[in-house]
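A single structure is presented below for examination.
The values are calculated or read from the model by the stated rules, or taken from the named source; none is laboratory data. Keep in mind it's a predicted model, so treat the numbers as computed, not measured. All Cβ positions, glycine included, derive from the backbone under ideal geometry; neighbour counts span all protein chains shown.
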Amino acid sequence: MMPILKCFNKTKQQGNVLILIALMLPVLLSFVALAIDIGRIYVVKNELQNAADAAALRGAAVLPKPDAAFPTANYAHPNWVYAQAQAQSAVGLNQAANRNLSDALVEVGYWNVHQTPEGVQAISITPTLFDKPAVRVTIRLATGHNGGALNLFFAPIFGESFQEVSATSLALIAAPAQVSPGALFPTAMASCLFTYYWDAAAGKPKIDPATGKPYVFKIGSAYHYPPCASGEWTTFGVDANNVGAIRDLIQNGNPGPLSIGQNVWVQTGSKTALYADVIFPKDVLVAVVANVDTHSFQPIVAFAPFHITNSVGGASKYVEGYFIDDYKGSLTDIGDGSGVDYGAYTPPILAQ
């Protein structure tokens, strides 16, 4: 038989455990309740972030697009009002906390990729090379915004019935400083061409008064045309001086990524047979180099879109066409932010 004292001690210990559990249970339940509310806040914040991202991307996508109110808009002269309206409209297509979102703070302006200065700069500034057109969207669940602050389930026990939740997103577009494989037509074009045929202030091709349209000009080999009317076939990062290699590049584009500052190989010879392989009319993106010196590596200084209208071999040996703007390069990227505006711009990019 168990001794009476030992039985009494065991009963007392069990009683102490029950008392301890009773004391700790409210604390444990409080932590569980808080965890549920904190998890809900996290979910709602993620919903707001997705909505802000979508709205910022929508606004940035139309920054270079003209409309009836601003028919001359382009990358150099963004359509701020249209972008702001499109971003605001996109907010209403989303939900958070089972509420239809209805309002947001939509800011437009220039975003410096190095954040010097910080924040969104006014649309009235003269942008530098590293200032990019941008749209920033902030969406809040707060008093007076989107149905008010988020109601909490268990936090009212501790005196907190509501929690403000917000999310911010910034999207921008940029002149490309980097391209992905397949982006480029295998021609290296002389940068001095832009002196004659590109209006840097307007961010558009210069207009031929005789036609009211962009100047049409011929790009030929340096062996047959002066330096500022010349372009040469390029095999990009390798010296492969043969027709077959370039023919493959005409069909498939650059085999690897390229950035401003990287070298491309400028071919020798006119390679008359290749002009028959050029498809036209067609918009293409080309590498721009400072000097079209044949049989040498030359650094890329920019990427530019060009509309090909004709390609002629034989004795003439030229590609004919004109510069274009409003070229959204699906295989382009902001890179280091040093892209020069020659008419191409990246898809909208989330930067914040």
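Which one is farthest from the chain's Cα centre (by Cα), of the residues in segment 280-317 that are under 12 Å from PHE185 (Cβ atoms) and of a type outside the set (A, V, I, L, M)?
Within segment 280-317, the match that is farthest from the chain's Cα centre (by Cα) is SER311.
A further question follows. Given the residues ALA90, ALA61, ALA85, ALA51, which is the only one that is under 27 Å from ARG140 (Cα atoms), in contact with a Pro (Cβ under 9 Å, 6 or more places away or on another chain) and at pLDDT 95 or above?
Numbers: ALA90 fails: in contact with a Pro (Cβ under 9 Å, 6 or more places away or on another chain); ALA85 fails: in contact with a Pro (Cβ under 9 Å, 6 or more places away or on another chain); ALA51 fails: in contact with a Pro (Cβ under 9 Å, 6 or more places away or on another chain).
So the residue among ALA90, ALA61, ALA85, ALA51 that is under 27 Å from ARG140 (Cα atoms), in contact with a Pro (Cβ under 9 Å, 6 or more places away or on another chain) and at pLDDT 95 or above is ALA61.
Which residues, taken from segment 61-103, are under 28 Å from TYR342 (Cβ atoms) and of a type in the set (A, V, I, L, M)? Quick ask: steps written out before the conclusion?
Our first condition is that a residue be under 28 Å from TYR342 (Cβ atoms); within segment 61-103, this holds for 61-84, 86-87.
Scanning segment 61-103 gives ALA61, VAL62, LEU63, ALA68, ALA69, ALA73, ALA76, VAL81, ALA83, ALA87.
While we're on this one: Kindly evaluate ALA304 against the criterion of being assigned by the TED database to the domain that holds THR234, surrounded by fewer than 23 Cβ atoms within 10 Å (Cβ to Cβ) and touching a residue at least 24 places away in the same chain (Cβ under 8 Å).
Details: assigned by the TED database to the domain that holds THR234: yes; surrounded by fewer than 23 Cβ atoms within 10 Å (Cβ to Cβ): no; touching a residue at least 24 places away in the same chain (Cβ under 8 Å): yes.
In short, no.
Which residue pairs have Cβ atoms under 9 Å apart, sit 6 or more places apart or on different chains, and have a first residue in segment 249-267 that is without any contact (Cβ under 8 Å) to a residue 60 or more places away in the chain and a second that is among the aromatic types (Phe, Trp, Tyr) and not in a loop (DSSP other than H, G, I, E, B)?
ASN263/PHE297; TRP265/PHE297; GLN267/TRP233
Here's a follow-up. From the list VAL266, VAL288, which residue is buried (at least 17 other Cβ atoms within 10 Å of the Cβ), modelled with pLDDT of 95 or more and in the same structural domain as ASN254 (by the TED database)? Reasoning before the result, please.
Details: VAL266 fails: modelled with pLDDT of 95 or more.
Just a single option satisfies the conditions, and that option is VAL288.
Right, here's the next one. Touching a helix residue (DSSP H, G or I) at 6+ places or on another chain (Cβ under 9 Å) and either at pLDDT 95 or above or under 30 Å from ASP325 (Cβ atoms) (or both), is that true of SER169? Walk me through how you get there before you give the answer.
Numbers: touching a helix residue (DSSP H, G or I) at 6+ places or on another chain (Cβ under 9 Å): yes; either at pLDDT 95 or above or under 30 Å from ASP325 (Cβ atoms) (or both): yes.
Answer is yes for this residue.
Rundown of residues vs (1) touching a residue at least 40 places away in the same chain (Cβ under 8 Å); (2) under 17 Å from ASP326 (Cβ atoms); (3) under 21 Å from the mean Cα position of the chain (by Cα), yes/no style:
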| position | (1), (2), (3) |
| --- | --- |
| ALA60 | yes, yes, yes |
| PRO66 | no, yes, yes |
| GLN95 | yes, no, no |
| GLN121 | no, no, yes |
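Any chance you could count how many residues in segment 292-333 are modelled with pLDDT of 95 or more and among the β-branched types (Val, Ile, Thr)?
Summing the residues that are modelled with pLDDT of 95 or more and among the β-branched types (Val, Ile, Thr) in segment 292-333 gives 6.
Can you name every residue in segment 294-330 that is within 26 Å of ALA273 (Cβ to Cβ), of a type in the set (Ser, Thr, Tyr) and assigned to a loop (DSSP other than H, G, I, E, B)?
THR294, SER316
Now for a separate question. Can you name the condition, by its number, that ASP277 falls short on among (1) at pLDDT 90 or above; (2) farther than 16 Å from LEU184 by Cβ; (3) over 32 Å from the mean Cα position of the chain (by Cα)?
(2)
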